[in-house]
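Inspection log for the structure reproduced underneath, given as structure tokens.
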């Protein structure tokens, strides 16, 4: 198991290729920590994200470490299946993008239609495929039909049979440079994007807009479900807890050792505390949803907690950026 | 967060969280999901009520089976459009009972492929062993010893399924 599907599959594939690297390190080098609050006129309800775009972890990690991945998309499911089978027959595990709904080794209540789930296919036997899924405790089995449906589901961010696997893992990776680039990328994403719904600005927007959420709701059950989802997105949907902040704290602790920078040890402790703060947001949201008290005051309380996270992260990433600049000197 | 503060007893939904270990290092731990452990009954209550209400509307002919399955599988009209390749205008029409009745079989098949159900189940309410794997409200083993179970299996013909009662040996 791993905390997150994309970082989990990349870590598993790299470990298979002999590169001893941890999931937090993959996440940190890729600068995966992020925040976005999105509401467009086409959306029924606002949404938020606590990590970078799906696929970004792989591309940024590859850029910063020199690990080369082969990536492929297909129009033809038969061709996609044949090429996957050929690779598996050569003992090459392959990561594929699927609609989570068709991964029927999970119970029904747990499955939702999400097109950006990544799993590693590690082998096959007849029509059965063996899957290593970051969210499943054991190696799972899925039949050919379900895997094909999952790989070729349509809709938003359709997988189109997308698959990837590493082909070139350099013997010596300049981990120091990769870590520094990853941290710089993260600070840039959190502080410097001049759009009001991304990074720290996005957290503030979320804080001020949450009181307006009832106007998008059809009924009380629907709204309770949406408020519960704040907790699910922060804790349960493969974040490692605290909206990826605990995972990032682990990365900073590891980075401190690699860079021999005691300042980063302190910053990792601080990030852990920020993660605790995000967990407060989760618990407050679950409480509001359970008690069904959707008054403006209660929603504003969640907004206040979010504002505190924004202030903390603004100060944190500013100092983290400076720490890296000073480290270079 | 310390490891012990994150431990939740919830064997049917495990997650990996990162936490502070006893020696001060941070690392992964496998534990139960807080949300599932604490709120699963609430989740089942909400989704169960919702499905029941939809089923009543379906039985009284107020909504079409396409609307029913779209809603219980958490899809929106635009997602259904993208997944089936059927235009938004036509999907909206198929969501009404009148529009549903005019649909061609080939179009209906495109919906059932997405919903992952046999085509026949667009016209009948049937609860099979296989459905339990997909049923949102299904929570565990059910004792079939008295009633037996209904099972559906595929044939080589994509439009035909076999529905049969399985007798249990208990």
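Hey, any hits in the range A:265-273 for a residue that's more than 22 Å from the chain's Cα centre (by Cα), buried (at least 17 other Cβ atoms within 10 Å of the Cβ) and on the phi < 0 side of the Ramachandran plot? Checked the range A:265-273: no residue is more than 22 Å from the chain's Cα centre (by Cα), buried (at least 17 other Cβ atoms within 10 Å of the Cβ) and on the phi < 0 side of the Ramachandran plot.
If you check A:218, A:149, A:172, which single one turns out to be in a loop (DSSP other than H, G, I, E, B) and within 14 Å of chain B (Cβ to nearest Cβ)?
Numbers: A:149 fails: in a loop (DSSP other than H, G, I, E, B); A:172 fails: within 14 Å of chain B (Cβ to nearest Cβ).
Answer to the check: A:218.
I'd like the full set of residues that are away from chain B (no Cβ under 14 Å), in a loop (DSSP other than H, G, I, E, B), over 13 Å from the mean Cα position of the chain (by Cα) and in contact (Cβ under 8 Å) with a residue 60 or more places away in the chain, limited to the range A:1-45. Selection gives A:17, A:18, A:19, A:39.
Determine which member of the set A:260, A:276 is assigned by TED's automatic domain parsing to the domain that holds residue A:312 and either surrounded by 18 or more Cβ atoms within 10 Å (Cβ to Cβ) or touching a residue at least 12 places away in the same chain (Cβ under 8 Å) (or both). Break it down stepwise before answering.
On the way: A:260 fails: either surrounded by 18 or more Cβ atoms within 10 Å (Cβ to Cβ) or touching a residue at least 12 places away in the same chain (Cβ under 8 Å) (or both).
Every option except A:276 fails the conditions.
The values are calculated or read from the model by the stated rules, or taken from the named source; none is laboratory data. Quick caveat: nothing in here was measured; it's all calculated off a predicted structure. Glycine gets a Cβ as well: all are built from the backbone with ideal geometry, and neighbour counts include every protein chain shown.
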